[in-house]
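One structure below.
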Amino acid sequence: MNKNLLSFFGLFTFAFLALSFTLPEEAPKDVVKNVKWYTWEEAMEANKKEPRKIMVDIYTDWCGWCKKMDKATFEDSEVSEYLNSNFYAVKLDAEMKESITFNDHTFKFIPNAGRRGVHELAYSLLDGKMSYPSIVFLNEKVERIMVSKGFKNVSQFTVELEYTADEGYKSQNLDAYKSSRKGK
């Protein structure tokens with residue numbers, strides 16, 4: 001009986017310790033973990049009611065760097081909180097098949113463009129220079145501010161977000177803005 005009791009106690013202790021190290025800690029309730037993603041149409045409607053800048057993430061399903069940016073950059077709580085507060089964030093699949101109507105023009109999928117086809121809206125936003133991921137920043141009037149091509153880590157992307165939100169682009173180019181922030 002002592003052997004069974006000792007075995008039970010040992011098993012109970014092991015289970016308790018194992019669970020105490022594997023249960024996830026609850027995140028603080030005020031931390032934003034996810035970007036609120038809009039469709040193009042949703043962002044345009046929201047922008048009519050409450051004008052904001054728009055950040056368009058142009059991606060494809062097969063793009064490895066796009067997936068890395070989703071995980072490493074967009075899931076960062078500071079990035080997602082900043083985006084949600086200052087921008088309408090749009091995910092735009094450059095190879096989506098559905099049409100999008102904007103400013104009385106219908107943007108469609110063109111199957112014979114490139115290897116896999118391309119959506120006209122993505123093509124238009126990037127001036128035909130297709131590269132993934134590409135981030136397009138638009139002002140409240142849906143005019144292009146800048147295009148940022150390639151993967152950006154949290155610190156690189158944060159500088160671009162602040163440059164756009166603070167309207168640094170009105171007085172200097174991005175490189176000058178980055179230089180002015182060194183040491184901050």
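The values are calculated or read from the model by the stated rules, or taken from the named source; none is laboratory data. The structure presented is a predicted model; accordingly, all values stated were derived computationally and were not measured. Every residue, glycine among them, receives a Cβ derived from its backbone with ideal geometry; neighbour counts consider all protein chains shown.
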Thr101 vs. criteria part of a strand (DSSP E or B), at pLDDT below 95 and either surrounded by 15 or more Cβ atoms within 10 Å (Cβ to Cβ) or of a type outside the set (Gly, Ala, Ser) (or both): yes
Going by the structure shown, is Asn34 modelled with pLDDT of 50 or more and over 22 Å from the mean Cα position of the chain (by Cα)? no
Limited to the range 156-175, what total is found for residues that are surrounded by 12 or more Cβ atoms within 10 Å (Cβ to Cβ), free of Cβ contacts under 8 Å to residues at least 40 places away in the same chain and either of a type in the set (Gly, Ala, Ser) or touching an Asp or Glu at 6+ places or on another chain (Cβ under 9 Å) (or both)? 2
Can you tell which of Val136, Val159, Val147 is of a type in the set (A, V, I, L, M, F, W, C) and farther than 16 Å from Tyr59 by Cα? Val159
Would you please name the residue that is nearest to Lys49 (Cα to Cα), looking only at residues in the range 140-184 that are assigned to a helix (DSSP H, G or I) and in contact with a strand residue (DSSP E or B) (Cβ under 6 Å, 6 or more places away or on another chain)? Thr164
Give me a count of the residues in the range 104-126 that are among the β-branched types (Val, Ile, Thr), out of contact with any His (no Cβ under 8 Å at 6 or more places or on another chain) and either in contact (Cβ under 8 Å) with a residue 60 or more places away in the chain or surrounded by fewer than 16 Cβ atoms within 10 Å (Cβ to Cβ) (or both). 1
Every listed condition ((1) more than 17 Å from the chain's Cα centre (by Cα); (2) basic (Lys, Arg); (3) modelled with pLDDT under 95) holds for Lys141 save (3)
Which residue pairs have Cβ atoms closer than 7 Å, lie 6 or more positions apart in sequence or on different chains, and pair a first residue in the range 30-41 that is more than 10 Å from Tyr88 (Cα to Cα) with a second residue that is at pLDDT 95 or above and among the β-branched types (Val, Ile, Thr)? Glu41/Ile100
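Yes/no matrix, rows are residues, columns are (1) among the charged types (D, E, K, R); (2) at pLDDT 95 or above:
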| site | (1), (2) |
| --- | --- |
| Ala113 | no, no |
| Arg116 | yes, no |
| Ala122 | no, yes |
| Tyr132 | no, yes |
| Val136 | no, yes |
| Lys149 | yes, yes |
| Val159 | no, yes |
| Glu167 | yes, yes |
For the range 123-139, how many residues are over 18 Å from Phe87 (Cβ atoms) and either assigned to a loop (DSSP other than H, G, I, E, B) or in contact with a Ser or Thr (Cβ under 9 Å, 6 or more places away or on another chain) (or both)? 7
